[in-house]
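Single-structure report; data block below.
Values quoted throughout were computed directly from the atomic coordinates according to the rules given, and no laboratory measurement underlies them. In this text the structure is predicted, and so the values were computed from the model without any measurement. Glycine gets a Cβ as well: all are built from the backbone with ideal geometry, and neighbour counts include every protein chain shown.
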Amino acid sequence: MSSKKIINVLFLAAEADPLIKVGGLGDVAGSLPRALRELAPDLLDGYSLDVRLALPLHATIRQKVLKSHPMGNFSIKVKGMPLPFMAIPTELFGVPTYLISGDLIPPDGPVYSSDPRQDGRKYFFYCMAALELIHQMGWQTDILHANDWHTAAAVYALALSRDNDTFLAATRSLMTIHNLPFMGVGSEEVLNDFNLPPSSDARIPGWARHTPLPLGLVSADHIVAVSPGYAREILTPDYGCGLELLLYDRKNDVTGIINGLDTKRWNPATDQALLAQYSWEDLSRRQINKQSLLAEFSLNPAPDIPLIILVSRMDPQKGVDLVSPALNSISDLPWQAILLGTGDPFLEESIHHLQDDFPDRIRAVLRFDTNLSRRLYSGADLLIMPSRYEPCGLSQMIAMHYGCIPVARSTGGLKDTICDDPEQRKTTGFLFNEPTHIGLANALRRALDIYTRPIIWRDIQHRGMVQDFSWHQSALAYANLYLDLHKRKI
């Protein structure tokens with residue numbers, strides 16, 4: 001009898017929901033490993049995936065694992081001296097998970113601080129500890145899957161050590177880019193503390209040879225961007241952040257895989273945050289949610305007035321500065337808006353002033369509020385996403401799944417997930433090309449015009465709600481990359 005075929009995958013990420021979530025990476029790391037483990041072997045040439053997750057033991061996680069016991073006391077070398085670390089085993093949705101702690105992971109600090117050197121020490125320590133943990137467990141890892149700059153040092157260290165480390169010699173690496181501009185700049189001097197030299201690869205610009213993400217990208221066996229559109233964009237000067245020549249040189253090793261949506265957690269038919277649950281088969285109950293929002297925010301209860309929402313981090317990347325002039329320029333049309341988010345103080349102030357300018361039709365909610373965001377998706381008619389760039393985006397997928405139609409910039413994952421068909425036969429949303437308030441305003445005008453045609457509007461809602469944004473297809477694409485990388489070593 002042949003032995004069972006298994007590919008062992010260690011998944012590294014700075015955050016994973018629900019243990020810890022700061023941004024979209026938390027959604028991915030909380031969902032993708034589980035989806036990978038659930039793939040049937042007959043989809044993968046008979047292989048099963050043993051995917052395990054390793055996270056830093058952030059301060060906010062500590063209270064959740066107080067009764068857990070560490071696997072043992074281990075150490076890595078920092079500045080030539082042994083520095084202890086522990087790994088606490090737990091489980092996340094059936095995924096074996098290891099929480100790494102040590103003196104360089106502050107017991108009371110944030111996930112991401114404003115001090116790049118502090119973050120560098122924390123995440124380099126975590127990366128090197130994760131590699132040492134593989135040795136200590138004796139778990140023959142086939143694939144090291146790293147995400148963003150916080151885990152890139154593990155990929156670089158693996159590449160440097162494979163020739164002299166028989167245990168890791170056959171381990172292949174995959175590096176996922178969730179947001180290229182965040183490279184770990186400012187943590188460069190920490191490299192020496194962990195005996196990691198700067199890269200001598202001529203494809204890396206001089207300024208980036210000590211920087212974590214470029215080191216991971218030059219040494220990873222394969223690179224994934226979180227949408228096909230973003231995978232193409234990062235090969236260009238406009239989006240490559242100074243690394244476009246390196247990425248273009250490696251273009252055959254760059255794949256775009258759209259992030260998935262956890263459709264169990266994001267399901268309007270079961271979402272307990274909603275006043276009224278519903279499905280694509282009967283959207284009449286959405287009106288209950290809309291009327292509840294209008295009453296809560298003291299807006300006009302007329303059901304035929306479109307409700308526009310923004311659910312966003314207040315950041316120039318998200319194009320939030322385009323919202324005020326765009327809504328001003330369509331003030332001749334009927335609509336109301338609720339704008340939810342927090343972030344840049346200047347952008348928050350601009351949204352607050354917009355409410356002052358339109359006190360009868362705009363509400364600014366300047367906070368982070370997951371519960372409210374769910375209710376907005378379930379009752380609003382239009383979601384605006386005017387991002388200057390968007391590697392993948394999750395809000396547009398949630399909105400469509402909840403029957404709220406997106407109006408978005410045609411970039412990255414937004415263009416990959418939203419169809420804007422001039423003949424309205426395949427439309428799931430409305431796109432605009434140029435990152436200007438005029439482009440956003442014109443797309444909103446088109447959408448508001450269609451809103452006056454209920455049959456077409458309902459068709460667009462239905463198409464959006466039945467799109468398959470589940471993690472299954474994305475997980476299968478990643479799994480096939482794992483399989484390909486695994487077979488390269490045989």
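Can you tell me how the chain classifies by the Cα gyration tensor, rounded, prolate or oblate, using a/c under 1.5 as the rounded cut?
Prolate.
Within a 10 angstrom radius of the beta carbon, how do SER199, SER173, SER329 rank from fewest other beta carbons to most?
SER329, SER199, SER173
If I fit a long axis through the Cα atoms of helix 437-451 and take the longest principal axis of the Cα atoms of the chain, what angle between them do I get, 0 to 90°, rounded to 10?
The answer is roughly 60 degrees.
Of LYS79/LYS122; LYS122/LYS318; LYS64/LYS122; LYS5/LYS251; LYS251/LYS415, which pairs sit farther than 24 Å apart, going by alpha carbon to alpha carbon?
Violating the 24 Å limit, Cα to Cα: LYS122/LYS318; LYS5/LYS251.
Going by the alpha-carbon gyration tensor, a ≥ b ≥ c the square roots of its eigenvalues, is the range 286-465 rounded (a/c under 1.5) or, if a/c is not under 1.5, prolate (a/b greater than b/c) versus oblate?
rounded
Please give the FRET efficiency for TRP280 paired with GLU423, using the beta carbon to beta carbon distance and R0 = 25 Å, rounded to the nearest 0.05.
So the FRET efficiency works out to roughly 0.70.
Using a Förster distance of 51 angstrom, determine the FRET efficiency expected from the C-beta separation of ARG488 and ARG453, and round it to 0.05.
0.45
At 0.36 nm per residue, minus the direct Cα-Cα distance, what do LYS64 and ALA273 gain on full extension? Give it in nm, one decimal, please.
Extra length from LYS64 to ALA273 when fully extended: 72.9 nm.
Putting +1 on Lys and Arg Cβ atoms and -1 on Asp and Glu Cβ atoms, find which of THR90, ALA35, HIS69 reaches farthest to the positive end of the dipole of the range 1-90.
It is HIS69, whose Cα lies furthest towards the positive end.
Measuring from label point to label point, each 7 Å out along Cα→Cβ, what is the GLN473 to GLU296 span in nm?
My value for the distance between the label points is 3.2 nm.
Where both residues lie in the chain, what percent of DSSP beta bridges are antiparallel, nearest 5?
Close to 25 percent.
At R0 = 30 Å, how high is the FRET efficiency between ASP332 and THR236 if r is their beta carbon distance? Nearest 0.05 is fine.
0.20
Working out 0.36 nm times the residue gap between THR342 and ASN433, then minus their Cα-Cα distance, what length gain in nm do you get to one decimal?
30.2 nm
If each of THR370 and GLU349 carries a label point 7 Å out from its Cα toward its Cβ, how far apart are those two points in nm?
Here the modelled spin labels are 3.2 nm apart.
With only Lys, Arg, Asp and Glu charged, each at its Cβ (+1 for the first two, -1 for the last two), find how big the charge dipole of the range 286-465 is about the Cα centre; round to the nearest 20 debye.
Its charge dipole is roughly 620 debye.
Calculate the spin-label point distance for THR90 paired with GLN317, positioning each point 7 Å from the Cα along the beta-carbon direction, and give it in nanometres.
In this crude spin-label approximation the distance works out to 2.6 nm.
Any chance you could run the full-extension gain for ARG265 through GLU189? It's 0.36 nm times the residue separation minus the Cα-Cα distance, nm to one decimal.
Stretched out fully, the ARG265 to GLU189 stretch lengthens by 23.2 nm.
If I fit a long axis through the Cα atoms of helix 471-488 and take the longest principal axis of the Cα atoms of the chain, what angle between them do I get, 0 to 90°, rounded to 10?
Orientation of helix 471-488: about 30 degrees from the principal axis.
Tilt of helix 370-379 relative to the longest C-alpha principal axis of the chain, in degrees (0 to 90, nearest 10)?
Helix 370-379 sits at roughly 40 degrees to that axis.
Give the residue list of chymotrypsin sites (Phe, Trp or Tyr not before Pro) in the range 281-381 that are DSSP loop and have at most 16 other beta-carbon atoms within 10 angstrom.
Answer in residue order: PHE297, PHE368.
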